[in-house]
Structure formats: structure tokens, C-alpha cells
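Contents: one structure, followed by commentary.
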Amino acid sequence: MATTRKPASQAAGGANGPAARGKAADKVFAERLARHRDELRWLYMELYDNGDMFAELCDGLKRFFDERDNKLKKLDLAREEAGAWYRATNMLGMQMYIDNFAGTIRGVEERLDYIERCGVNYIHLMPFLDTPADKSRSDGGYAVSDFRRVNPALGIMDDLAHLASKCHTRGISLCMDFVMNHTSDEHEWARRARAGEGEYMSRYFFVHDQGIIDRYTRDVPQVFPTTAPGHFTYLPELDQCVMTQFYPYQWDLNYRNPRVFNEMMYNFLFLANQGIDIIRIDAVPYIWKQLGTKCRNLKQVHTIVRMMRMIGEIVCPGIVLLGEVVMAPVEVAPYFGTVEKPECHMLYNVTTMATTWNTVATRDARLLRQQTDIVCSLPRSYTFLNYLRCHDDIGWGLDYGTLSTWGMAEVPHKTYLNDYFQGHTPGSVSRGELYNADPVTGDARFCATTASMCGIEAAGFEGNDEAMEVAIRKDIMLHAYMFTQSGLPIIYSGDEVGQVNDYTYKDDPEKAEDSRYIHRGAFDWQLAKNIDEPGSVQQRIFGALRALENIRRDEPVFSADADVRTKDYDDTSILWVVRSIGDRTLHAVFNFSDDAKTIWMPETATYTDLVSGETAELATIAMPSWGFAWMLR
Ligand code: GLC
């Protein structure tokens, strides 16, 4: 009997049916894996020498690839094709705590119109995974007790995926923290380790030999010398110490154990599959420990980051790795890896940030010029995330070698900066507080919002209109300098409306010990209302930043491919940056001084002032104190 048989392709739903799509996807995965497999295996075996665990990892990658939503897979393909999508000059980031900004993840979704109005298309949601409810044991969410669960006070995982997809329809990307160095002591692994289960104890570092603890104490610098001194925490139930480089409730993970690496990679991919676009790898320089070293930036850290990069490129190539490397300048750039073997896509421009504030306090732009030159000498493909401040303190990681040749020695100079920014120095308009003042080394870091450091808090408190003028100008000028740099600018939520310090954290016993909360206050929506109030402080800052962002987005001279250099000028309080592409040249001039200046242009010629839009032939420009100009030739 004759039977009619459907062609195989039809039986499976045709050329576009699920089976055909599945096959095409498998091919994509196989190709990506093939591209990286040898190197990935090599590095994995070098660290772990464990073929079974490597095979398990590869199976895991396939599983997460299969589970990845088709829309995200499409975005991956589009981004693979587009290349470094995060380098576009229309990128503008904002970092925010969900509870401070809008209560919950759903609340953030409801506020997307405001975020868009700010011109923002990259949102960094500060840690929102499950963490101990007691804020004195959560480190602002950086003590994670479950990598697959959202902090119930903020919502559920589905809310996150929903927000991500809503953001994607508006062309907004989402960034989140991946805290890899440690877990909370309430994480299941920690609880089981505390109960004495060997399998889980091997995921952390347990020590009972005082000699070893002493050697760490000798060799390894302290992260929180005042708020959390020491590197180990004693656990009476085990009569042993566990390594805790950060707070005593943050247990350092042991990446010598391949189980830790594999599981953390699965957590990373799980989060990427919720629709996260940028993964900020928290405190990454610390993840490998070796007795007898400083336990920072060891070569194994780079091996792990390189493996992570390949794992991302195999499963979810649309995502970006942003390294949190708050280290000396020479330690930072290596986290980009090499052109052939890249590691992070983006890094924080931490030295430039700290050097910018150094310039504010000293009115001496020489170090900032040197720092700008260093950044400009790096390959253009290295993308930095530029910022004026973040959720953390500002550490004075400056080039003291150079400063000391100018008569500024490290310890007194740090004291000067901290005095200045606390407002203790005559003429200083800044307000803020110290963080982790170390009585032994004399070291201290500093906390405040951008607006308070610029004098907006002091001028508002004193009702001093003249001082407010200058403070607003300084705030806008510093943002203009941030926008002048190549890379991705990030605004801290609230800075767009000049929000000042919040001292109420002192009344909350769970926060009082951590002065970083001074600049992590709840977003003041009343201030946001004022952006429509002509002449208000908020409208002036918001309006100015929006104008600068639009110029940056549309003017080719801001392209990441432009040439950038600094220009010599016979006044150390002036910073002069030149950007050029094709026949367009931008002279970006910043006045870091309390005096008005006449700026001599390189030659009498026709320039367009990008801010006012005016074009004129001129030889000089008049610049108020703390003013700036973007002059295009
Ligand atoms: C990072 C975070 C910081 C946190 C630390 C420990 O440096 O930025 O806020 O305290 O990691 O996780």
C-alpha cells in the first residue's frame, strides 16, 4: 500500500519550524564553542587539571544556551555583528539602588519614562539579590545569600526578567553586580560549611593555624581597616577561622576548587539569561589567594576572567563584562587582556575619577593632564566607564611618585584632600565625611555626593546665591569633563538634579557605621519635579547635562575613534583636551580655579561654541571660575 510521507523538513514544521531553528541554534553554539574550546580547556586544565569537571562545564554551557530566550539570542547575534555596541557615544548610564529610586523592581519599571527623560539608556541596578535583611550584615547587597533569588523586599526574579525585556524594547540595557569574591555567611554553602560539611567547607578558606593567619596579616593589605579589620573571622562552632577579606559576614570563595568556579559560572549565565546586558564583576582582583603574596591581581585572576569572557562569548555574546578594578593604574589596564585574548570589555576609570577631585582641591591640573595622557595612550578599543562618583567612597589612589616630585608627599597630601573635602580648609565649599580612616597608616577615604563636593549643599544651607552660582558651574564643568572623555559616562542617580548628602543614615543603627550611606540616600522625587521649574538649581543642572549629552551624542568629534590628546597651556589650573576626527577638532578647556580667566586659543580662527551654538572668529575666550568651553574648529 502506498503511503504519503511528509518530507522531513515539513514533519519538523518546515524550514522555519522549531526543529530547524533548533538545529541552526545548535550550529551557532557548536561554532562558538569550537572557536574557544582549545583555549578554554587549556586554561581550565592549567588551573584545575580536572577533565571531568571541564566536561561538566561544557554541558552546562550548552544547557544555559538552550535555555536562553530567543529574543536574547537574536540580540546576541545583532550585537556580535555590530561589534563593541557599548562604545557608541549615545550611551549614557545611571546607577541606582532600586529601593532608593523606586522601592521595587516594578517601581523602576514604572519610572522608565523619567529614566528616558534623563537620556539614560544603561541602568546599573545596585545589588538586588537575596541578602541578609539586617543592613549591618548585607554590605549594601554585596553579601549575597542566594544568586538565583531576588531580595524579596525588591521583588522576584520574574520582575527582573520583565524589567529587562521592557528596557530592551526602549533600547535600554541593564547592568547588575556579580559578586564573585565572596558570599554572605547566610548563603547555603556557608551554612553547610558552618555545620561542618567538608564538601562545603572546601568552597571557602578555613584555617586554624595562627601562623598562617599571621602571614596573611603581614602580607595582605586591609580592605576595611577600621570598619572590618583583619582577614579572618573566628567561628566558635568549628573552632576555626574563615577568610573574610571584606566584612566578617562575607566569606571569601575558594576558586581553587573547580566546583566553585563551575557553580559561579552557572550563576553568571543564569543571571545573563534573565536579560542582563552588563555584568559588573565585583572586586575581581581579589578572587585568587596565594599565601606569601598580596592576594591581589594574581595571574590566576586573569585566567579566570579570560575564561569568563570566553564562556560569555559562547553562551551569550551580547553581554558585556565590566570589571571593578579599583587598583593602582598599572594594575587596571591588564584586565582588558590583549587584543587576541580579551578579558573585560570595560573597566572603571577610577584613577581619572580620583585625579579629577584632586584637581578640584588643588586647582592644579597637571596630574589630571598626565593621567588623561596615560589613558589616551592606551589602545582605543579599551573602553572605560567614566564617572564622578559611585556608591563607594573615593580612595585617593593617585600617582604619588609624580606628586612627590612637585612637593606633595602621600600622607600629608591625603590629609589635605580629606580636610579640603570635609570643608575644613579655608575656602573649601565641599561637605562630606571620611571613610575607613586608618589610625595606623594615616590613610582615609572620602564620601559625599557630587553636588555636596561642589558646594551646592553649603551654598543652599547658607542661602548664598553667589556661591550657588559657582557651585552649579563647578558641578556642570566636572560633568562636561566626564563627557569629554572617550568611554561610557555614568551618572549616579540624584546627581542629575544635584542631590546633596543624606545624613539620616546616622539614625539607622544598621547603617550608622558605614559612612558610604551618606551618598546613598533615597532619591528625592521632589527635586525631580523641579526640573520643570525654570531657574531652579535642579532645572539648571538637569538642563545643562541634557544639553551636553545631546551634543556628545550627535557631534562626531566625540566618537570613540577620535584622536584625543591634551594641550600644553601656560596656566596649571587649566586642563585642555583636544579631540579630533577627520577635519573636525574640538578644544575642550576646563578652568579648575576660583578665578575668571582669559583663554588664548591656539590661533585666531573661526570656532563654534558647541554649548551656545555661536560661531565666531576669535583669538580668546572669557571663562568664569570653574567654567569650561567646548570649541569646535
Ligand atoms: C565592591 C563594592 C563595594 C563592596 C565590596 C565588597 O568594592 O563596590 O560596595 O563593599 O565590593 O563586595
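General observations
- In this structure the amide hydrogen of residue 521, modeled in the peptide plane, comes within under 5 Å of the amide hydrogens of 502, none closer than 5 places in sequence on its chain.
- Segment 212-345: mean projected area of Cα convex hull, nm²: 9.5 nm²
- Distance between segment 279-300 and segment 87-125 - C-alpha centres, whole angstrom: 31 Å
- Net charge of neighbours whose Cβ lies under 12 Å from the Cβ of residue 283, counting Lys and Arg as +1 and Asp and Glu as -1: -4
- One way to sum up the overall shape of segment 120-266 is the equivalent ellipsoid from its Cα gyration tensor, whose semi-axes run 32, 16, 14 Å, largest first.
- Taking the longest Cα principal axis of the chain as reference, the axis of helix 410-422 is set at about 80 degrees.
- Debye intensity ratio in log₁₀ form over the Cα atoms of segment 93-182, taken at each q of 0.11, 0.14, 0.24 Å⁻¹: -0.29, -0.46, -1.25
- Kirkwood Rh, angstrom, segment 523-562 [1 / mean 1/r, Cα pairs]: 11.4 Å
- 0 to 90° range, to nearest 10: angle between helix 18-48 axis and the chain longest Cα axis: 80 degrees
- Our summary gives the chain a relative contact order of 12 percent, counting only alpha carbon pairs under 8 angstrom and 6 or more residues apart.
- A simple packing score, the average count of other Cβ atoms within 10 Å per residue, orders the peptides 254-267, 45-58, 609-622, 122-135 as 122-135, 254-267, 45-58, 609-622, with the highest score first.
- Debye log10 I(q)/I(0) at q = 0.11, 0.12 Å⁻¹ for segment 135-200, Cα point scatterers: -0.36, -0.42
- Separation between Cα centres of segment 225-259 and segment 382-441, rounded to whole Å: 29 Å
- For segment 394-477, the alpha-carbon coordinates run over 39, 26, 21 Å along the three principal axes, in decreasing order.
- Label-point separation, residue 529 to residue 469 (7 Å along Cα→Cβ), nm: 2.9 nm
- Residue-span extension gain [residue 440 to residue 338] - 0.36 nm each, minus C-alpha spacing: 32.9 nm
- From most to least packed by mean Cβ count within 10 Å, the peptides 183-191, 80-88 give 183-191, 80-88.
- Computed helical MRE - 222 nm, the chain, DSSP H runs ≥ 4 contributing -39500 (n - 2.57), nearest 500: -12000 deg cm²/dmol
- If both residues of a DSSP beta bridge must be in the chain, then about 60% of such bridges are antiparallel.
- Shape category assigned to segment 37-157 from the gyration tensor of Cα positions, a/c cut at 1.5: oblate
- P(r) for segment 308-416, from all Cα pairs and a bin width of 5 Å, is 2, 11, 21, 22, 16, 12, 8, 4, 3, 1, 0 %, short bins first.
- The lysines within cross-link reach of residue 474, meaning a Cα-to-Cα straight distance under 25 Å and a gap of 8 or more places when in the same chain, are 414, 529, 567, 597.
- If the convex hull is drawn through the Cα atoms of segment 594-633, its volume per residue in Å³: 58 Å³
- Compactness index (Cα Rg / 2.2 N^0.38 Å), segment 418-463: 1.22
- Over segment 495-598 - Rg/Rh using Cα atoms and the Kirkwood inverse-distance radius: 1.12
- Ligands, DNA and RNA are left out, and with a 1.4 angstrom probe the accessible area of the chain is 40 Å² per residue.
- When each of the peptides 20-33, 95-108 is scored by the mean number of other C-beta atoms lying within 10 Å of its residues, the order from highest to lowest reads 95-108, 20-33.
- D (Stokes-Einstein, µm²/s), Kirkwood Cα radius, segment 368-433, 0.692 mPa s at 37 °C: 232 µm²/s
- Extension gain (nm, one decimal) between residue 78 and residue 563, 0.36 nm per residue minus Cα-Cα: 171.8 nm
- Whole-Hz ³J(HN,Hα) from phi, Karplus 6.51 cos²θ - 1.76 cosθ + 1.60, for segment 245-259, glycine and proline x: 5, 8, 7, x, 8, 10, 8, 5, 7, 9, 6, 6, 8, x, 4
- In order along segment 577-590, phi translates into HN-Hα couplings of 10, 10, 10, 9, 8, x, 9, 9, 10, 10, 9, 9, 10, 10 Hz, rounded to whole numbers, per the Karplus curve 6.51 cos²θ - 1.76 cosθ + 1.60 with θ = phi - 60° and x for Gly and Pro.
- Residues in segment 467-476 carry Karplus couplings, in order, of 5, 5, 3, 5, 4, 5, 4, 5, 4, 5 Hz; the curve used is 6.51 cos²θ - 1.76 cosθ + 1.60 with θ = phi - 60°, and Gly or Pro positions show x.
- At R0 = 25 Å, FRET efficiency that the Cβ-Cβ distance of residue 70 and residue 90 yields, to 0.05: 0.45
- Relative to the longest principal axis of the Cα atoms of the chain, the long axis of helix 366-376 lies at roughly 40 degrees.
- Distant alpha-carbon pairs in the chain (separation over 32 angstrom), percent: 51 percent
The values are calculated or read from the model by the stated rules, or taken from the named source; none is laboratory data. Predicted model, so just to flag it, every value in this text is computed and none were measured. Cβ coordinates were reconstructed from backbone atoms using ideal geometry, including for glycine residues, and neighbour counts include every protein chain displayed. Accessible surface areas use protein heavy atoms only, side chains included; no ligands, DNA or RNA. Shrake-Rupley method; radii C 1.70, N 1.55, O 1.52, S 1.80 Å.
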